[in-house]
Amino acid sequence: MPRRKFALSKRLFIAARADFLCEYCHTPEDFSPDLFNIEHVIPLLHDGTDEDGNLAYACGGCNGNKHGHVAWDDPQTGVHTSLFHPRNDNWQEHFSWNEDLTLLLGSTPKGRATIDLLEMNRLGLVNLRKALLAYGAHPGK
Ligand SMILES: [Zn+2]
């Protein structure tokens with residue numbers, strides 16, 4: 001499927017709405033080595049649309065791991081569950097930080113399934129979170 005380009009004004013709207021954070025792992029774009037993408041929460045493949053309510057701002061790692069998926073198994077129960085939807089779901093309801101703010105914890109089946117599929121605790125992110133803490137720019141602070 002060809003990549004779609006969004007107008008600059010649309011990109012800025014989506015990025016600002018996300019506060020320039022990945023709407024999944026909450027990595028700040030300014031400090032991420034990944035390019036950020038506007039992603040279709042429900043992929044076009046699954047009849048998702050280009051409407052603002054189906055668009056999210058995501059780092060290349062989360063976006064690449066999510067790919068065309070809309071659901072994944074909760075690693076705790078094995079139950080297939082829909083993924084976190086940045087427009088319809090509340091991030092704080094599904095995710096929290098561990099005590100030292102290096103790992104994301106899933107508070108719900110949806111949170112755990114999304115963390116698992118998107119690998120939201122990949123080593124590069126854990127190390128980046130440590131650096132952001134030291135620098136005073138951690139998104140959970
Ligand atoms: Zn991310």
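For Lys110, the conditions (1) in a helix (DSSP H, G or I); (2) within 15 Å of the ligand (Cβ to nearest atom); (3) in contact (Cβ under 8 Å) with a residue 12 or more places away in the chain are fulfilled apart from (2). Among residues belonging to segment 87-107 that are surrounded by 16 or more Cβ atoms within 10 Å (Cβ to Cβ) and outside any loop (DSSP other than H, G, I, E, B), point out the one that is nearest to the ligand (Cβ to nearest atom). So, considering only residues that are surrounded by 16 or more Cβ atoms within 10 Å (Cβ to Cβ) and outside any loop (DSSP other than H, G, I, E, B), the one nearest to the ligand (Cβ to nearest atom) is Leu104.
When Leu118 is tested against the conditions (1) out of contact with any Cys (no Cβ under 9 Å at 6 or more places or on another chain); (2) buried (at least 18 other Cβ atoms within 10 Å of the Cβ), the lone failure is (1). Can you pull out the residues in segment 37-84 that are part of a loop (DSSP other than H, G, I, E, B), under 15 Å from Ile14 (Cβ atoms) and of a type outside the set (Asp, Glu)? Within segment 37-84, Val41, Gly48, Thr49 meet the criteria. Per the listing Leu83, Leu45, Leu101, the residue uniquely at pLDDT below 95 and not small (Gly, Ala, Ser) is Leu45. Checked against (1) within 16 Å of the ligand (Cβ to nearest atom); (2) under 17 Å from Leu104 (Cβ atoms); (3) of a type outside the set (Gly, Ala, Ser), Pro75 passes all but condition (1).
Cβ-Cβ distances below 7 Å connect the following pairs, each with a first residue in segment 9-37 that is among the basic types (Lys, Arg), a second residue that is buried (at least 19 other Cβ atoms within 10 Å of the Cβ), and a separation of six or more residues or different chains: Arg11/Ile38. Restricting attention to segment 15-30, the residues that are away from the ligand (no atom under 12 Å from the Cβ) and part of a helix (DSSP H, G or I) total 4.
The values are calculated or read from the model by the stated rules, or taken from the named source; none is laboratory data. Because the structure is predicted, anything quoted here is derived from the model rather than measured. Reconstructed Cβ throughout: ideal geometry from the backbone, glycine too, with neighbour counts over all protein chains shown.
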